[in-house]
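Undergrad: Okay, here's the structure, questions in a sec.
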Ligand code: CP
C-alpha cells in the first residue's frame, strides 16, 4: 500500500483494506506521539467555508508533529476577491507548501484542486458532496466504541439530502455488511443515486421518517444538522429546521448500548442533557480527528509507509 503523494478527495477512491490500514496508522498515532515526524513539512489550509473541527484539528495534528501550517479562512483577504481562479490559487499554494487541505462550497472543487496541484490535496468538505476525512474519523470512532465495524445497524437522522458526512460514511460502511436506516422527512431523504448504489451492492436499507419506529433496532444513531446554507429557499429550511430533537425521552426507545454520533456543529437537534449519558460519543468523535488526520498527513507526506 502506498499513500505517498496521494490525494484524498472521495471515499470511493479507497478500498476496504486501505481504510482499515489508515485506522491502524491512526491508532499508532494515538499511542505514540512521534513529535518530529513532520518537522520539515508545511500544510496549507484553504477554507472557503466556515469550519471549527476540521480546520483546527488539521492544524493541531500538524503542529503536534512539529509541522507548520499556513492558509486562510476568509477569501476577503485573498486575491480570489480580485477574480483569481481556483486553479491559479492552487498553483500558487502548491509552491508554498507540501500538502493542501481545502474546504469549498462547490462540489468537485477539491477534485479540481487535485488536478491543479502536484502536491497531495485533501478534501476537507466540498459542498453537499463528500467529507472523506470526517468519514475516516467516524469509522475510527465506531471501531473504538463498538469494538468492530462489521454487521452493525446504523441509523442516519436529519438532513440526509445535503449532509456530505452521511454520503461519505454510507459508502465507507458499505464494505462492512451494514443495515442502514435512513430517517428523514421525504424532502431530505438520501439522494436516489446513493440508494441505487446500495441496491447494486445488495446492502440492506430502510427509509423512514419516524425515528421511534426503528430506534430500538439501532447500534449507532448518526444524527446530523439541517444544513441551512445548502437550502436554495429559506422558507423550506424554516419548515424542517426543528424536525428532530433528541433528548432524554428517547432513552426508553433505544438499545442500552446505542451510541449517538454527530459530526457537529449541533444547532438544537441534540439536547445537552444527553451529553453525560453513555450514549453520547460526539465529542469523543470530534477529538478522534487528531489521530486520524495525523495518520493521513504522515501517509500522504511519505513519512509512514
Ligand atoms: N464536522 C465538521 O466538519 O465540523 P466543522 O464544520 O466545524 O469543520
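Undergrad: Tally time: how many residues in the range 124-165 are more than 10 Å from the chain's Cα centre (by Cα) and not in a helix (DSSP H, G or I)?
TA: As a first pass, look at the range 124-165 and keep what is more than 10 Å from the chain's Cα centre (by Cα): 126-129, 140-162.
This time we only want the ones that are not in a helix (DSSP H, G or I), so: 126-129, 147-162.
Number of matching residues: 20.
Undergrad: More than 16 Å from the ligand (Cβ to nearest atom), buried (at least 22 other Cβ atoms within 10 Å of the Cβ) and closer than 18 Å to residue 244 by Cβ: does that describe residue 163? Quick ask: steps written out before the conclusion?
TA: Numbers: more than 16 Å from the ligand (Cβ to nearest atom): no; buried (at least 22 other Cβ atoms within 10 Å of the Cβ): yes; closer than 18 Å to residue 244 by Cβ: yes.
Judged against the criteria, residue 163 is not a match.
Undergrad: Another question, if that's okay. Please tell me if residue 226 is within 19 Å of the chain's Cα centre (by Cα) and either closer than 22 Å to residue 147 by Cα or part of a strand (DSSP E or B) (or both). Let's see the steps before the verdict.
TA: Details: within 19 Å of the chain's Cα centre (by Cα): yes; either closer than 22 Å to residue 147 by Cα or part of a strand (DSSP E or B) (or both): no.
For residue 226, the condition - within 19 Å of the chain's Cα centre (by Cα) and either closer than 22 Å to residue 147 by Cα or part of a strand (DSSP E or B) (or both) - is not met.
Undergrad: Moving on. Part of a loop (DSSP other than H, G, I, E, B) and touching a strand residue (DSSP E or B) at 6+ places or on another chain (Cβ under 9 Å): does that describe residue 49?
TA: Working: part of a loop (DSSP other than H, G, I, E, B): yes; touching a strand residue (DSSP E or B) at 6+ places or on another chain (Cβ under 9 Å): yes.
So residue 49 fits the description; yes.
Undergrad: How about the range 30-43: which of its residues are closer than 20 Å to residue 136 by Cα, surrounded by fewer than 19 Cβ atoms within 10 Å (Cβ to Cβ) and either touching a residue at least 24 places away in the same chain (Cβ under 8 Å) or within 16 Å of the ligand (Cβ to nearest atom) (or both)? Spell out how you get there, then give the answer.
TA: Of the residues in the range 30-43, the ones closer than 20 Å to residue 136 by Cα are 30-33, 43.
Cutting the leftovers down to surrounded by fewer than 19 Cβ atoms within 10 Å (Cβ to Cβ) gives us 30-33.
Hits for the range 30-43 are 30, 33.
Undergrad: Something else: Just to be sure before I move on: is residue 179 touching a residue at least 24 places away in the same chain (Cβ under 8 Å), more than 29 Å from residue 55 (Cα to Cα) and either in contact with a strand residue (DSSP E or B) (Cβ under 9 Å, 6 or more places away or on another chain) or crowded, with 18+ Cβ neighbours inside 10 Å (or both) in the structure I sent?
TA: Working: touching a residue at least 24 places away in the same chain (Cβ under 8 Å): yes; more than 29 Å from residue 55 (Cα to Cα): yes; either in contact with a strand residue (DSSP E or B) (Cβ under 9 Å, 6 or more places away or on another chain) or crowded, with 18+ Cβ neighbours inside 10 Å (or both): yes.
Taking the combined requirement at face value, the residue satisfies it.
Undergrad: Just one of 135, 141 is surrounded by 24 or more Cβ atoms within 10 Å (Cβ to Cβ), in contact (Cβ under 8 Å) with a residue 40 or more places away in the chain and under 17 Å from residue 25 (Cα atoms); which is it?
TA: Details: 141 fails: surrounded by 24 or more Cβ atoms within 10 Å (Cβ to Cβ).
Among 135, 141, only 135 is surrounded by 24 or more Cβ atoms within 10 Å (Cβ to Cβ), in contact (Cβ under 8 Å) with a residue 40 or more places away in the chain and under 17 Å from residue 25 (Cα atoms).
Undergrad: Which count do you get for residues in the range 206-217 that are touching a helix residue (DSSP H, G or I) at 6+ places or on another chain (Cβ under 9 Å) and either farther than 17 Å from residue 160 by Cα or crowded, with 19+ Cβ neighbours inside 10 Å (or both)?
TA: Summing the residues that are touching a helix residue (DSSP H, G or I) at 6+ places or on another chain (Cβ under 9 Å) and either farther than 17 Å from residue 160 by Cα or crowded, with 19+ Cβ neighbours inside 10 Å (or both) in the range 206-217 gives 4.
Undergrad: Residues that are in a helix (DSSP H, G or I), more than 16 Å from the ligand (Cβ to nearest atom) and more than 23 Å from residue 283 (Cβ to Cβ): does the range 4-14 have at least one? Can you show your working first?
TA: Here is the first cut: in the range 4-14, the ones in a helix (DSSP H, G or I) are 11-13.
Now drop any that are not more than 16 Å from the ligand (Cβ to nearest atom), which leaves 12-13.
In the following step, the residues that additionally are more than 23 Å from residue 283 (Cβ to Cβ) were identified as 12-13.
Within the range 4-14 (the criterion being in a helix (DSSP H, G or I), more than 16 Å from the ligand (Cβ to nearest atom) and more than 23 Å from residue 283 (Cβ to Cβ)), the answer is yes, since at least one residue qualifies.
Undergrad: I'm checking my understanding of the structure. Among residues of the range 258-277 that are in a loop (DSSP other than H, G, I, E, B) and more than 23 Å from the chain's Cα centre (by Cα), which one is farthest from residue 215 (Cα to Cα)? Lay out the reasoning, then the answer.
TA: Kept after step one, since they are in a loop (DSSP other than H, G, I, E, B), are these residues of the range 258-277: 258, 262-269, 271, 275-277.
Restricting the remaining residues to those that are more than 23 Å from the chain's Cα centre (by Cα) gives 276-277.
Working: 276: 20, 277: 17 Å.
Here the residue is 276.
Undergrad: Is one or more of the residues making up the range 44-53 over 25 Å from residue 104 (Cβ atoms) and surrounded by 14 or more Cβ atoms within 10 Å (Cβ to Cβ)? Steps first, answer last, please.
TA: Quick first cut of the range 44-53, residues over 25 Å from residue 104 (Cβ atoms) only: none.
No, every residue in the range 44-53 fails to be over 25 Å from residue 104 (Cβ atoms) and surrounded by 14 or more Cβ atoms within 10 Å (Cβ to Cβ).
Undergrad: If you don't mind, another one. Of all residues in the range 54-91, which are touching a residue at least 12 places away in the same chain (Cβ under 8 Å), within 16 Å of residue 293 (Cα to Cα) and within 16 Å of the ligand (Cβ to nearest atom)?
TA: Of everything in the range 54-91, those that are touching a residue at least 12 places away in the same chain (Cβ under 8 Å), within 16 Å of residue 293 (Cα to Cα) and within 16 Å of the ligand (Cβ to nearest atom) turn out to be 54, 55, 57, 58, 59, 60, 61, 62, 69.
Undergrad: In the range 260-269, which residues are closer than 17 Å to residue 134 by Cα and either more than 16 Å from the ligand (Cβ to nearest atom) or surrounded by 15 or more Cβ atoms within 10 Å (Cβ to Cβ) (or both)?
TA: Residues satisfying the conditions are 260, 261, 262, 263, 264, 266.
Throughout, read-outs are computed from the coordinates displayed, never taken from laboratory work. Quick caveat, the model's predicted, so the values are computed rather than measured. As a convention, Cβ positions derive from the backbone with ideal geometry for all residues, glycine included, and neighbour counts pool all protein chains shown.
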